[in-house]
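Okay, so here's the structure we're looking at.
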Amino acid sequence: MDYISQIAFIIVLGIVSYFMYKRISFIKRNIALGRDIDRNDRPAERWKMMGLVAFGQKKMFKRFIPAFLHLFLYVGFLVINLEVLEFVIDGLFGTHRIFAPFIQEYYFIPMNIFEFFAVAVIVSCIIFLIRRNVINVKRFTARELTQWPTLDANLILIIEIVLMVAILTMNATDQVLQTRVDTYPQTGRIFFSALLMPIFEGLNVSTLIAIERIAWWFHILGILGFAIYITYSKHLHIFLAFPNTYYANLERKGRMNNMPEVTKEVNMMLGVSQPEANEEPPAEIGRFGAKDVNDLHWKNLMDAYSCTECGRCTDQCPANMTGKLLSPRKIMMDTRDRLEEVGRSLDAGGEGLNDGKTLLGDYILKEEINACTTCNACVEACPVNIDPLSIILQVRRYMAMEESSSPASWNAMFSNIETSFAPWKFSPSDRFNWADSLKEEK
Ligand code: SF4
Ligand code: SF4
């Protein structure tokens, strides 16, 4: 590789690093807009959860065939990135297949493993494209999958196919060159690309070198461009799945997080507890529940960035199944879209959270929130331990406690609980009246 290529590679690497840094800082700042919540307890359980769910893909295997195909993409991504390491070192130092002389006759082993996964990735991506665009699997045709999410999913699959084809082309031309130019390091037979060698054998050396170099540049530029692209895409879950499962809620599903201030009031009202002597008056609560993204806690916001838009949650949601407007996937997508909007506005020196819009109202409708049965099926189904119910409950809490805008029948029940300590409109003193009739019967 000549000096110009080396300098060009270093410049490209610098530009990509800059954009990656900018985008990661943007996402980190956006997540930090959320309220605080402690998720650093029980580290051993958290590591185990991350190992099983993110690294081991445990929840994916509830559906075997897609899980298997996804596993090829996931392992392929990890394994092929090892090959990218050689690309980067070659690019920086102007070498060609720097590892080949070190591991000599064993070099063909990792190369064949990389190529096996490259082919597996191509096959998996083609099947996923067919499922999305030809078979039209129901969860990929929901109303929240508008133009961009659908295009994003298709683009990423096509890019992965093209990048893998570039690797095979590069290896095929390289193997032909090894038979003609002494200075090319010997790789040994690399099975899948060797099948393509007949296509290139009729070409002269300079054309082969040009194709090999173009494929090399195409692959490395593609990988670097892909690295920036995924930070704007649902594929950010490739990285965020790990911290997201680590910081997941470890409480039993179905356990609601009551507000301590409210619990205390209710206990005093019911006579279960009394205020302590000289007790400080409770601090002012900023807002009950969540109206906008900054009312949610940071883990909710990390969830939004980690969502793969797979729709497994919506697929299991009883409200969605029975034709209600609610889709937990849309709740996550709306939260991320609102967060991105606020972040962009803040970066541009705009109004940010004070732009007159809010998550509830401008993105999520009350009708969606009211349809939730709090069954937790979405949380159970999510392959990266996202908790859409947590967002729904916080927004619902805002609607009930700040706006009193819950359905009229709910509001009536809330007042009964407040005044009669029960959902029914009977005075507590009348609660045992039914027993009087028993006495009369005697
Ligand atoms: S908890 Fe709500 S959103 Fe989640 S599956 Fe059940 S009904 Fe749907
Ligand atoms: S919340 Fe989980 S299950 Fe639902 S679409 Fe996102 S990643 Fe898939």
The simple spin-label model distance between MET401 and LEU270, using points 7 Å out along Cα→Cβ, in nm, is 1.6 nm
PRE zone check, label point 7 Å out along Cα-to-Cβ of ARG189, amide N under 18 Å, scope the range 90-110, hits 105-110
Residue separation between GLU201 and SER409 times 0.36 nm, minus their alpha-carbon distance, gives in nm 67.1 nm
So the FRET efficiency between GLU144 and PHE77, C-beta based with R0 = 25 Å and rounded to 0.05, is 0.45
Rank VAL134, SER206, ALA408 by how far each Cα sits towards the positive end of the charge dipole of the chain (+1 on Lys, Arg Cβ; -1 on Asp, Glu Cβ) and give me just the farthest. VAL134
Return the loop-located trypsin sites (Lys or Arg not before Pro) in the range 1-107 (DSSP other than H, G, I, E, B) with at most 14 other Cβ atoms within 10 Å of their own Cβ; answer none if there are none. ARG63
Compactness of the chain, expressed as Rg and Dmax over alpha-carbon positions, Å: 28.6, 111
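Can you tell me the equivalent ellipsoid semi-axes for the range 286-428? Use √(5λ) from the Cα gyration tensor, largest first, whole Å.
Ellipsoid half-lengths, sorted descending, are 28, 21, 12 Å.
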Of LYS58/LYS138; LYS291/LYS330; LYS253/LYS299; LYS330/LYS357; LYS138/LYS299, pairs whose Cα-Cα distance is over 26 Å: LYS138/LYS299
Once you place label points 7 Å from the Cα toward the Cβ at SER17 and ILE126, how far apart are they in nm? 3.9 nm
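Quick note: the coordinates plus some simple rules give every number you see, no bench work behind them. Quantities reported herein were computed from a predicted structural model and do not represent experimental measurements. Positions of Cβ are generated from backbone atoms using ideal geometry, with glycine treated the same way; all protein chains shown enter the neighbour counts.
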